[in-house]
Amino acid sequence: MPAASKGQKKPANKGEAGTLDALSDAVESGAGLPAVARAAARVLDASVALIDRSSAVLAVAGASPDQERKLLAGGEGVTRVELRVADSAVGELRYRAAAPPEPAIARMVTTLLALELERSRSPEWESEEVAGAFVAAVLAREVTDRGDIVARGAELGADLEQGAGVLILHAAPRAAQTGEWRARVLTLTQRALRSLAPGSLASPDGEEAAQIAVIVPAEDEARVERAAAGLGRELEDGLSGFHLTIGHSRRAADPVDLYRAGNEARLAVNVGEAEGRAVLAFEETGSYRLLLPAMSEDPRELERFYAETIAPLSAYDEQYETELVATVEAYLDNDGNVAATAKQLFTHRHTIRYRLERVKELCGHDVSATEGREKLGLGLKTMRVLGIASPRGPAQEPGAEAGKVPRSGEE
């Protein structure tokens, strides 16, 4: 047989063909992802990890625990390949090999792994998508018949006959994240709830996929409270790089009232986010509860009131990196005491007075007058109910050291 001409690749040897056959057999026989991962590791002569699209580790095949740790850490020497079926990303392959595998062999392996991952996870993904669509429809008041809500919930494993509550989770990363981190938050939430509150159904809430809505079957108020507190604890461990806030509703004895419960939970999570509360019940939101009807029935009225009060201050803060909104908050919290406000914000009293004059110029409300204080205070509450983040930034307006009090030893 003539030798292979220069530039041609050698055909796979018997060992490579044998291991590829073993990988194909593992896939065809439905041996499971751990067996498939071990077969892929032999083909690539590498440590291998299979990770699904939500960043959950499904299977690891490594030469040693140390190799597995290095592989999952994704450091030097680790190759990461996105696994795709058609136009959809289904997961990721990570491997750590002593020598790079043949490109054709690597491509065959990743194709087989992608197909097996998609096949094995599709039923679970489909079930989660159906549950998510149901939760979204109930909370959007698209499903209003009691019998329909109870029947569809039962099909998904949720007993809503005795009532339920709603949790809203907001997860914000403290640092840049890689991969489908929103899907990972949803997956971890679903896993935690399987043990904390069996039968719970979760869905991304609205346009922000990092906000998750959960319907929790509950025969009493305590079950809703336990689910919220337990979820907070579980996610604190699993999502250490995130800022987490959970708001929960009162229990709705009638499933038809879950729409109202969803609005209660959204109000609670928005207020909790603004006030730095990890878990907040609707009943703990105080006077914010008075704004729930407007939020539920006509949020545009709240948006108009925000536009007439706090919006001009927020826009100014964003443009010039000032602290007008924070100053109004602190001034109201300190019952209109300028000295106490200056102390809280580490700034000078004349700087506080300057900011309050600027507030009056921008929005037309005098915070030193009773009516102005009432309107601006309600404007701040409206901002929180609507889930609008308060602007933060170093003050740039006139004042000693940009409004900051020099510490001892500073010039």
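Looking at region 62-84, which of its residues are of a type outside the set (Asp, Glu), more than 24 Å from the chain's Cα centre (by Cα) and more than 27 Å from residue 126 (Cα to Cα)?
62, 63, 64, 65, 67, 69, 70, 71, 75, 77, 78, 79
Applying the selection to region 94-109, what residues are buried (at least 19 other Cβ atoms within 10 Å of the Cβ) and either hydroxyl-bearing (Ser, Thr, Tyr) or free of Cβ contacts under 8 Å to residues at least 40 places away in the same chain (or both)?
Selection gives 95 alone.
Could you please find all residues in region 125-141 being charged (D, E, K, R) and either at pLDDT 85 or above or surrounded by 12 or more Cβ atoms within 10 Å (Cβ to Cβ) (or both)?
128, 141
Here are 154, 210, 176: which of them is within 17 Å of residue 127 (Cβ to Cβ) and of a type in the set (A, V, I, L, M)?
Exactly one residue qualifies, and that residue is 154.
Specify which of the listed residues (280, 291) is out of contact with any Cys (no Cβ under 9 Å at 6 or more places or on another chain), in contact (Cβ under 8 Å) with a residue 24 or more places away in the chain, crowded, with 21+ Cβ neighbours inside 10 Å and not in a helix (DSSP H, G or I).
Just a single option satisfies the conditions, and that option is 280.
If we only count helices (runs of 4 or more DSSP H) wholly inside region 302-374, which ones have 2 or more residues that are out of contact with any Leu (no Cβ under 8 Å at 6 or more places or on another chain) and among the aliphatic types (A, V, I, L, M)?
Hits in region 302-374: 311-320, 338-344.
Looking at 35, 59, which one is within 27 Å of the chain's Cα centre (by Cα) and in the same structural domain as residue 109 (by TED's automatic domain parsing)?
Just a single option satisfies the conditions, and that option is 59.
Please verify whether residue 80 is within 28 Å of residue 190 (Cβ to Cβ), free of Cβ contacts under 8 Å to residues at least 24 places away in the same chain, in a strand (DSSP E or B) and not assigned by TED's automatic domain parsing to the domain that holds residue 190, treating the condition exactly as stated.
Taking the combined requirement at face value, the residue satisfies it.
In region 154-196, which residues are touching a helix residue (DSSP H, G or I) at 6+ places or on another chain (Cβ under 7 Å), free of Cβ contacts under 8 Å to residues at least 40 places away in the same chain and within 19 Å of residue 130 (Cα to Cα)?
Answer for region 154-196, where residues must be touching a helix residue (DSSP H, G or I) at 6+ places or on another chain (Cβ under 7 Å), free of Cβ contacts under 8 Å to residues at least 40 places away in the same chain and within 19 Å of residue 130 (Cα to Cα): just 193.
Looking at (1) of a type in the set (Val, Ile, Thr); (2) buried (at least 20 other Cβ atoms within 10 Å of the Cβ); (3) outside any strand (DSSP E or B), which is the one condition that is false for residue 144?
Among (1) of a type in the set (Val, Ile, Thr); (2) buried (at least 20 other Cβ atoms within 10 Å of the Cβ); (3) outside any strand (DSSP E or B), residue 144 violates only (2).
Given (1) surrounded by fewer than 23 Cβ atoms within 10 Å (Cβ to Cβ); (2) touching a Lys or Arg at 6+ places or on another chain (Cβ under 8 Å), where does residue 267 come up short, assuming only one miss?
Failed condition: (1).
What pairs come up if the first residue lies in region 127-142 and is over 18 Å from residue 199 (Cβ atoms), the second is in a helix (DSSP H, G or I), and their beta carbons are under 6 Å apart, counting only those six or more places apart or on different chains?
141/259
If we keep just the residues of region 313-359 that are free of Cβ contacts under 8 Å to residues at least 24 places away in the same chain and of a type in the set (Asp, Glu), which is surrounded by the fewest Cβ atoms within 10 Å (Cβ to Cβ)?
335
Looking at region 147-173, which of the residues that are surrounded by fewer than 17 Cβ atoms within 10 Å (Cβ to Cβ) and under 21 Å from the mean Cα position of the chain (by Cα) is nearest to residue 248 (Cα to Cα)?
Among them, the one singled out is 172.
Among the residues of region 281-293, what is the count of those that are under 26 Å from the mean Cα position of the chain (by Cα) and under 13 Å from residue 386 (Cα atoms)?
So the count comes out to 4.
Looking at residue 274, is it assigned by TED's automatic domain parsing to the domain that holds residue 248 and either at pLDDT 95 or above or hydroxyl-bearing (Ser, Thr, Tyr) (or both)?
No; evaluated as a whole, the condition is false for this residue.
The values are calculated or read from the model by the stated rules, or taken from the named source; none is laboratory data. Predicted model, so just to flag it, every value in this text is computed and none were measured. With ideal geometry, Cβ positions are generated from the backbone for all residues, glycine too; neighbour counts draw on all protein chains shown.
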